[in-house]
Structures are given as C-alpha cells and as structure tokens.
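Following: one structure in structure tokens, then a few remarks.
All of the numbers you see were taken from the coordinates with simple rules; none came from a lab. Note that this is a predicted model, so its numbers are computed, not measured. Please note: Cβ atoms are built from the backbone with ideal geometry, for glycine as well, and neighbour counts cover all protein chains shown.
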Ligand SMILES: C[S@@+](CC[C@H](N)C(=O)[O-])C[C@H]1O[C@@H](n2cnc3c(N)ncnc32)[C@H](O)[C@@H]1O
C-alpha cells in the first residue's frame, strides 16, 4: 500500500483495513491507558485531518503517545512527508517500528522512546490519542499543552459526554457528528494559546483489557478535537 496510496485519495475502508493490520500492544499497562485506537476510529480521525483539512499530506506530523503506531502509520500511508511517533513505553515503540516495516512505511516514519516532554521542534500537525486521565488525573492536559508548543494544527481525542441519544445516531454510515466541546478543555486550550475549531463525536469500542473492566467490550463516546494555535 505504501507508495501507491500517497498519490490519490485513499478509500476510508481500505485505510481501515490496512490499519487493522497494525498489531496492538501485547501487554497493555492500565496506568498508561495503553489501549489501541480501533482501526475504524483511526481511519475516521485521519480522514478528517487529511481530506477535510489538508493537514497530513506532505506535512511533518508527530504522534504523541504513539503506542504501537496506528495513527502515525496511517498518516504515513496517507502521504505525510515524515511522521515521528513518540511513546514512553519501549515495548510499544519496538512494535510500532515492526508494524511500520510490515505496512511498508519504515522510511517515512521515525520512532522515539521517551516522555513527550523530551520532544521539541516545529511540526505542521500533531495527532494524538492521549491517556484520557481515567487512571492518572489530568494526563491528557500535558499532551494538549505539549501539542500546542509543537504545531499549528492539533488533532486530539478525548473522552466525550455520556449521551445515549447521541450514541444512537452514530452508525457506520454516519460515524461522526459535531459535538459540544468541553468547557474546561476550551478554557485550557485558550490559556495555552490555542482555539478549538470543531469537535466531532465518535463511538469507540475497545475489548476487555484491564481487570477493572466489567464487560467483554467497552463502548463510549469520544470527541476528536481540531485545535489551532493562535498567532502571537
Ligand atoms: C490511549 S494510548 C494510545 C496509543 C496509540 N496512540 C493508539 O491510539 O493506538 C496512550 C499512549 O500514551 C502513552 N503515554 C502515556 N503517558 C506518556 C508520556 N508521558 N509520554 C509519552 N507517552 C505516554 C502510553 O504508553 C500509551 O501508548
């Protein structure tokens, strides 16, 4: 898929199929909230960034908390100039490298084992699915703050509101709906020099992974925030 997809629009379903081949973490740690973004959510996320906003193709992209690389590899498949993935967990990053080799984007991706604090520089776009802060309060805020230091455009996934009505309207045919941004995140982003342009609600389904999970699968609403750093 590597070379050919970059020259033309990739079908979302094909991207999802390719991303489903990105192996997830073999032994995820609860305190790092190491669940892998489902392939359908990753494809939707990247489609919005690439084809609605033109923030992926030929751009320098960084994936904060890349895990085993699903978002970063997706960005590379869609034609990012270069994508860097960074994660604090060595096992995840080693597997991300292996996944990039298997999907034919080894030369378009670089992988770093480090805390996100260690990364500096200027990128066009940040993509991230940070820990939601369920295990460690405020974990997602550090990611937001860092992302605003690194790039002009940020795509960031956060826990959404708990609305059964909204969830019912989200289907494979209508996978996203505009969502009301959290007042807190709006203020937080503003305080750190950014503005939330739009938020999209999506459904995230993850399998049973941690002891505290009560059901075979977890289904909840997430919001994809499109954030812009303001001049000045
Ligand atoms: C929800 S998982 C997302 C993984 C991957 N991006 C995905 O969407 O499949 C959050 C990731 O953030 C990483 N992480 C947590 N705290 C971190 C930190 N301070 N610096 C770097 N990575 C961190 C975890 O190891 C984990 O892989």
Discussion item. Just want to confirm a number: the relative contact order over the stretch 2-229, from Cα pairs under 8 angstrom separated by 6+ residues, in percent.
Written reply: 18 percent
Worksheet, complete the sentence: Expected unfolding gain across residue 9-residue 230 under the 0.36 nm per residue rule, minus the alpha-carbon gap, is 76.6 nm
Item to complete: Pick out which of 88, 17, 127 has the largest mean-square fluctuation in a Gaussian network model of the chain, springs linking Cα atoms closer than 10 Å.
Response: 17
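Could you calculate the contour length gain from residue 21 to residue 138, that is, 0.36 nm times the residue separation minus the distance between their Cα atoms, to one decimal place in nm? Walk me through the numbers on the way to the answer.
On the way: separation 117, 0.36 × 117 = 42.12 nm, distance 3.12 nm.
Extra length available between residue 21 and residue 138 comes to 39.0 nm.
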Worksheet item: Gaussian network model of the chain, Cα springs within a sub-10 Å range: biggest mean-square fluctuation belongs to which of 94, 217, 195?
Response: 217
Practice prompt. Per DSSP H run of at least 4 residues, take -39500 (n - 2.57); add these up for the chain, divide by its residues and hand me the 222 nm value, nearest 500 deg cm²/dmol.
Written response: -8500 deg cm²/dmol
Worksheet item: Average projected area of the Cα convex hull of the stretch 2-229, in nm²?
Response: 11.3 nm²
Discussion item. Of the candidates 24, 131, 175, which one comes out as most mobile in a Gaussian network treatment of the chain with C-alpha springs shorter than 10 Å?
Written reply: 175
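Go ahead and run the numbers for FRET between residue 94 and residue 168, Cβ-Cβ distance against an R0 of 41 Å, rounding to 0.05. Intermediate values should be presented prior to the final figure.
Working: r = 40 Å, r/R0 = 0.98.
So the FRET efficiency works out to roughly 0.55.
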Worksheet item: Tell me, 62, 10, 113 in order of fewest to most beta-carbon neighbours within 10 Å?
Response: 113, 10, 62
